1. Residue check: is Val28 assigned to a helix (DSSP H, G or I), without any contact (Cβ under 8 Å) to a residue 24 or more places away in the chain and surrounded by fewer than 10 Cβ atoms within 10 Å (Cβ to Cβ)?
2. Might you check whether a residue that is of a type in the set (D, E, K, R) and modelled with pLDDT of 85 or more occurs anywhere in the stretch 47-63?
Amino acid sequence: MEPVWVGVVPTNPIPFRGIELDFYMNIVMMVPMGVYLALFKKWSGWRILLIGVLMGTAIESTQFVLDTVLHMSRWSISTM
């Protein structure tokens, strides 16, 4: 599946289609945070899940904005 380009940033308009390794790496990155929140804060599972989703969204949104504004070009030429 070809990405839809927004300026210089590729996007995936159809969720879970064309999933690559980055998707799984983002999930693995958030698991330790959820474990630590469960151990130290004693919050409910729903609250921890919500925080994880919000953190992931914040990270991806920040990357999108920085790539658009600063033209960071995180993607290789082969994906263009």
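1. Judged against the criteria, Val28 is a match.
2. yes
The values are calculated or read from the model by the stated rules, or taken from the named source; none is laboratory data. Values in this document were obtained by computation on a predicted structure and should not be read as measured data. Neighbour counts run over all protein chains shown; Cβ positions are idealised from the backbone, glycine included.
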